[in-house]
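One structure is given below, encoded as structure tokens.
The values are calculated or read from the model by the stated rules, or taken from the named source; none is laboratory data. Keep in mind that this is a model prediction, so the values were computed, not measured. Using ideal geometry, Cβ is built from the backbone for each residue, glycine included, and neighbour counts are taken over all protein chains shown. We work out accessible area using only protein heavy atoms, side chains counted, and drop any ligands, DNA or RNA first. Shrake-Rupley method; radii C 1.70, N 1.55, O 1.52, S 1.80 Å.
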Amino acid sequence: MLASGEDKPSPMSTKEAGHKGGSAVRDKYGEDYYRRIGKIGGKALKERRGSEYYRDIARKGGAANMVKYGAEHFSEMGKKGGRTTKERQDADFYSRIGKMGGAARRRKKAD
């Protein structure tokens with residue numbers, strides 16, 4: 001009960017309540033908890049719906065993002081990733097992965 005003169009606590013928004021609850025769970029079980037339960041849930045969903053389900057939702061998500069951001073956005077993301085890879089890898093990197101890709105294509109045709 002509130003003492004006289006004290007204000008009632010203001011109600012929490014759904015977002016604030018979720019954040020507070022999530023923080024309490026993290027403090028109780030540790031940060032790795034969400035990763036562990038996510039894997040369990042993902043495995044159960046895959047068993048129930050099959051791996052094609054993930055392909056479908058990935059395709060839908062990709063299409064939605066293409067509509068939202070446009071092709072130019074993804075083109076720029078690819079260029080940015082390519083520049084970062086080039087900075088991080090040695091000069092021979094692209095030659096090595098190109099040979100690996102070419103070898104993989106030859107093996108596929110032989111099957």
Provide the FRET efficiency to the nearest 0.05 for the Ser51-Thr85 pair, computing r from the beta carbons and using R0 = 30 Å.
0.60
Residue-averaged 222 nm ellipticity for the chain, from DSSP H runs of 4+ at -39500 (n - 2.57), nearest 500:
-27000 deg cm²/dmol
Within the stretch 46-66, find all residues whose amide N lies under 17 Å from a label point positioned 7 Å from the Cα of Ser75 along Cα-to-beta-carbon.
66
With mean projected area of the Cα convex hull in nm² defined as stated, name the option among (i) 8.7; (ii) 15.4; (iii) 6.9 computed from the structure displayed.
(ii)
How many lysine pairs are close in the stretch 3-65, with Cα atoms under 29 Å apart and the two 8 or more places apart or on different chains?
15
On the accessible surface of the chain, probed at 1.4 Å, how many percent belong to carbon and sulfur atoms?
56
For the stretch 13-28, Karplus-derived ³J(HN,Hα) couplings (6.51, -1.76, 1.60; θ = phi - 60°; whole Hz; x for glycine and proline) come out as 6, 4, 4, 5, 5, x, 5, 5, x, x, 5, 5, 5, 4, 5, 6
Under Karplus coefficients 6.51, -1.76 and 1.60, residue-wise ³J(HN,Hα) of the stretch 88-99 in Hz, glycine/proline x:
8, 9, 6, 5, 8, 4, 5, 5, 5, 6, x, 5
How much accessible area per residue does the stretch 6-111 have, in Å², with a 1.4 Å probe?
91
Partners for Lys99 among lysines (Cα-Cα distance below 20 Å; same-chain residues under 8 apart left out):
Lys86, Lys108, Lys109
